[in-house]
Every structure is written in C-alpha cells, then in structure tokens.
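Q: What follows is a single structure, and I will ask about it in a moment.
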Amino acid sequence: MMREVLLVIHILLGIMWAGGIMFVGWGVYPVTLKMPLENQRKFLIQLMKWTHHLFTLIGSLVIFTGFLLGTVFGPIKSWEALFYSTYGHLWLTAFFLGIFALLWGIFVGYRGMMRLFLDDFVWIEAVNGNKEPLMRGLFRLTVMESMEVIGFIALVVIMVLL
Ligand code: HEM
C-alpha cells in the first residue's frame, strides 16, 4: 500500500518535472518571441525566477521518492543487490542521471538563461536592430536545454526497464 502511494506520487512528480520543463520550452517560450523585446525580456526573467524554484523542488522530490522506491520499498537492501543485480545497475544509473539532470538544470540551464536575459548589451543591440547576439544566445540555450530533455528520455527508458 505505502509503495503504491509512493509510486503514484513519484510518477506524478516525474511527469510534472519533465513535462513542465518541456512545456516551458515548447509552449511558453515560443509565444514570447511574438512579444515586443522589452516585454519578452521582463517576462522571461520573471518566468525563470518562478519556475526555477518549482522545478528544483519537484526534481529533488522525484529523486528522493525514486531513492525510497528502490531501497526502503524496493529490492535494494544490501550493497550486493546494488552492485551485482540488473535492477541495482539500472537504479544506480537512474539515480545519477536524475542528479545530473537536476544539477544541469540549475547550473547550466538556469544560470545560462539568467546571464543572457540580464545581459544589457545583447538586448540593447537587439532593440537597435542587431538581433544577431541575442539569436546566438537563445540558440545556445536551446542546445543546452536539449541536453536535459535527452536526460529525461533516458530516465523514462530506464523506468520501463526497472
Ligand atoms: C523524469 C524523471 C522520472 C520519471 C518521469 C519517472 C517515472 C517513473 C514511472 C512511470 C515509474 C513506473 C514504472 C513501472 O512501474 O514500470 C517509475 C518507477 C520507479 N522510478 Fe522513476 N521516474 C523518474 C526518475 C527517477 C529517478 C531519478 C529515480 C532514482 C533512482 C527513479 C526511481 C524509480 C524506481 C526505483 C521505480 C520503481 C521501479 C520498480 O521497482 O518497479 N525514478 N518512475
């Protein structure tokens, strides 16, 4: 019973974490491209400040519930089970992949976004007609965020194999 409840919570949080980040990237961000530049900038800064804390919290809880599901409520009760079983290997991979995706989101994704959104030069250039630096910055962010999405896809594959 406890395990089922925890699994439901884990799955819901996992959906929110991966789906939320993809929705911001594919659902919200493209709409900001239709806004006047100054509004786009202000909106993206506020959006990132708000969602960053939310996603960090949700991601941490996904990893924490995943940890419990594999150990306290799962088959990993010894170091042998962790290191010498397929389940242990898959779980360990998911555990580190989850931590990697979370840290990537905080230190590469969020930091990179705030650096670009707070960079006066890039935005003043864009308002004055030179959109090149802004476009290059936004493209770099897209590539960095794609890394996180690839991590989520890998995680879901591991979840199915577990
Ligand atoms: C994007 C992130 C994640 C999503 C969307 C996700 C989703 C899921 C889903 C749908 C299941 C049910 C699978 C099944 O019963 O066949 C599951 C189970 C599980 N997940 Fe995750 N998960 C995520 C991250 C993680 C992480 C980081 C860990 C860390 C160790 C983890 C550990 C587990 C464990 C131990 C189970 C139970 C598997 C079992 O014994 O049947 N998950 N997860």
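The values are calculated or read from the model by the stated rules, or taken from the named source; none is laboratory data. Because the structure is a prediction, the values reported are computed rather than measured. With ideal geometry, Cβ positions are generated from the backbone for all residues, glycine too; neighbour counts draw on all protein chains shown. Please note that ligands, DNA and RNA were not included when accessible areas were found on the heavy atoms of the full protein model with its side chains. Shrake-Rupley method; radii C 1.70, N 1.55, O 1.52, S 1.80 Å.
Q: Any residue in region 69-82 that is assigned to a helix (DSSP H, G or I), near the ligand (Cβ under 10 Å from one of its atoms) and open to solvent by less than 50 Å² (accessible area, probe 1.4 Å)?
A: The first filter runs over region 69-82 and keeps only residues assigned to a helix (DSSP H, G or I), leaving 69-70, 79-82.
Remaining after also requiring near the ligand (Cβ under 10 Å from one of its atoms): 69-70.
When the remaining residues are screened for being open to solvent by less than 50 Å² (accessible area, probe 1.4 Å), the result is 69-70.
Yes, some residue in region 69-82 is assigned to a helix (DSSP H, G or I), near the ligand (Cβ under 10 Å from one of its atoms) and open to solvent by less than 50 Å² (accessible area, probe 1.4 Å).
Q: Right, next: Whether any residue in region 131-146 is away from the ligand (no atom under 16 Å from the Cβ), open to solvent by 40 Å² or more (accessible area, probe 1.4 Å) and not in a helix (DSSP H, G or I) is what I want to check.
A: Within region 131-146, the first condition is being away from the ligand (no atom under 16 Å from the Cβ), and the residues that meet it are 131-144.
Next cut, open to solvent by 40 Å² or more (accessible area, probe 1.4 Å) only: 131-132, 135-136, 139-140, 142-144.
Pick out the ones that are also not in a helix (DSSP H, G or I) and you get 131.
Yes; the residues of region 131-146 include at least one that is away from the ligand (no atom under 16 Å from the Cβ), open to solvent by 40 Å² or more (accessible area, probe 1.4 Å) and not in a helix (DSSP H, G or I).
Q: From the set of residues in region 83-94 that are over 17 Å from the mean Cα position of the chain (by Cα) and among the hydrophobic types (A, V, I, L, M, F, W, C), which is nearest to the ligand (Cβ to nearest atom)?
A: Checking each candidate, the answer is W91.
Q: Select, from W17, W26, W50, the only residue that is of a type in the set (F, W, Y), part of a helix (DSSP H, G or I) and in contact with a helix residue (DSSP H, G or I) (Cβ under 8 Å, 6 or more places away or on another chain). Outline the logic, then answer.
A: Details: W26 fails: in contact with a helix residue (DSSP H, G or I) (Cβ under 8 Å, 6 or more places away or on another chain); W50 fails: in contact with a helix residue (DSSP H, G or I) (Cβ under 8 Å, 6 or more places away or on another chain).
Just one listed residue meets the conditions, W17.
Q: Something else now. Suppose the filter is touching a Phe, Trp or Tyr at 6+ places or on another chain (Cβ under 7 Å) and either surrounded by 13 or more Cβ atoms within 10 Å (Cβ to Cβ) or assigned to a loop (DSSP other than H, G, I, E, B) (or both); does A94 pass it? Steps first, please.
A: Values: touching a Phe, Trp or Tyr at 6+ places or on another chain (Cβ under 7 Å): no; either surrounded by 13 or more Cβ atoms within 10 Å (Cβ to Cβ) or assigned to a loop (DSSP other than H, G, I, E, B) (or both): yes.
No: the conditions fail for A94.
Condition check ((1) at pLDDT 95 or above; (2) within 9 Å of the ligand (Cβ to nearest atom); (3) under 26 Å from V143 (Cα atoms); (4) touching a strand residue (DSSP E or B) at 6+ places or on another chain (Cβ under 6 Å)) across all residues:
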| position | (1), (2), (3), (4) |
| --- | --- |
| L47 | yes, no, yes, no |
| I63 | yes, yes, yes, no |
| F67 | yes, yes, no, no |
| F96 | yes, yes, yes, no |
